[in-house]
1. Report the FRET efficiency, 1/(1 + (r/R0)^6), for Lys186 and Ala165, where r is their Cβ-Cβ distance and R0 is 22 Å, rounded to 0.05.
2. With a/c under 1.5 counting as rounded, go ahead and sort the range 110-243 into rounded, prolate or oblate using the C-alpha gyration tensor (a ≥ b ≥ c being the square roots of the eigenvalues; past the cut-off, prolate if a/b is larger than b/c, else oblate).
3. What is the packing order of peptides 265-274, 136-145, 219-228, taking the mean over residues of other C-beta atoms within 10 Å and listing the highest first?
4. What does the convex hull of the Cα atoms of the chain come to per residue, in Å³, rounded to a whole number?
5. Using a basic spin-label model with each label point 7 Å from the Cα along Cα→Cβ, how many nm lie between Lys138 and Tyr248?
6. Sort 122-129, 81-88 for me by packing, meaning the mean count of neighbouring Cβ atoms within 10 Å per residue, highest on top.
7. How far apart, in nm, are two points set 7 Å out from the Cα along the Cα-to-Cβ line at Glu122 and at Ala68?
8. Would you mind putting 47-53, 188-194 in packing order, based on average other-beta-carbon counts within 10 Å, highest first?
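Please treat every number below as a calculation from the coordinates, not as lab data. These numbers come from a predicted model, not from an experiment. When we count neighbours, we look across all protein chains shown, and the Cβ atoms used for this are built from the backbone with ideal geometry, even at glycine.
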Amino acid sequence: MRTWCTLLCLLALAAPGLADDAKLKALIVDGQNNHGVWPKTTQMMKADLLATGLFTVDVATTEPKSTAGFAPEFKNYDVVISNYNGQRWPQETEAAFVDYVKNGGGFVVVHAADNAFGDWPEYNRIIGLGGWGGRNEKSGPYVYYDGDGKLVRNVDPGSGGHHGAQHPFQVVVRDAEHPITKGMPKAWMHGKDELYDKLRGPGENMHVLATAYAEPSTGGSGRHEPMLMTIDYGDGRIFHTPMGHADYSMECAGFVATLCRGAEWAATGKVTQAIPDDFPTADQESKRAAK
């Protein structure tokens, strides 16, 4: 009986999934952000990634008003997720980050992380598009879809970065065959969020996976704006989502799934996670209350 119980215990311990040393290593960077809820949203993203059973997750946090001494070992991770929008990092740290991505590291850009570092050219190439931070026509074109479903690169002068009033909005998948979006509904409702529009940047080696229409009645651009993007930089893979303004935005089951699938793709180039049963539909939001 004792032997049988021991065997059952061993099987139960083995059942949950991969051992930590076999999981993907993720790092979330934060510490400065004009969005005051960042400590909570970092923990929400960490919990979501851990819940997949595929990742271990560390967090590297800058000082509130200084980045002196901020030097994460990026090379030790399969994917880095940015929840950061603040002061420039030390030169050595920036150089290490560029080398990390260029040499095959994965990177995930979430919401205000695309506001950061407007004066750092390599960061702007890595993220594809950004907003605010002094960005303008010198930063690169506006990129969006027109009403005919064609990708537009608009070089008109003007500042980069804008959004109207927060509201739920529909996300439209433009590439249903990419590993991140494969199996998603053609359209799905995202929960209340800021819908970033008029982002601009180099947009090099960038692929738009999904868009959302920035409705003029809510103060939007009247364009179909990128909401899910991938960028290739050297051997590195980048997943970029402008969604995720607040804790309630990140409670959207669609946001959770795209974050986790995007992180796995950035780390490995593939996605093994299934689309969850509670994924939103074209006309119905789906929310997971943060714990």
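1. It comes to 0.30.
2. oblate
3. 219-228, 136-145, 265-274
4. Residue-normalised Cα hull volume stands at 141 Å³.
5. 3.9 nm
6. By packing density, highest mean first, the sequence is 122-129, 81-88.
7. Roughly 2.4 nm, to one decimal.
8. Top to bottom by mean Cβ count within 10 Å: 188-194, 47-53.
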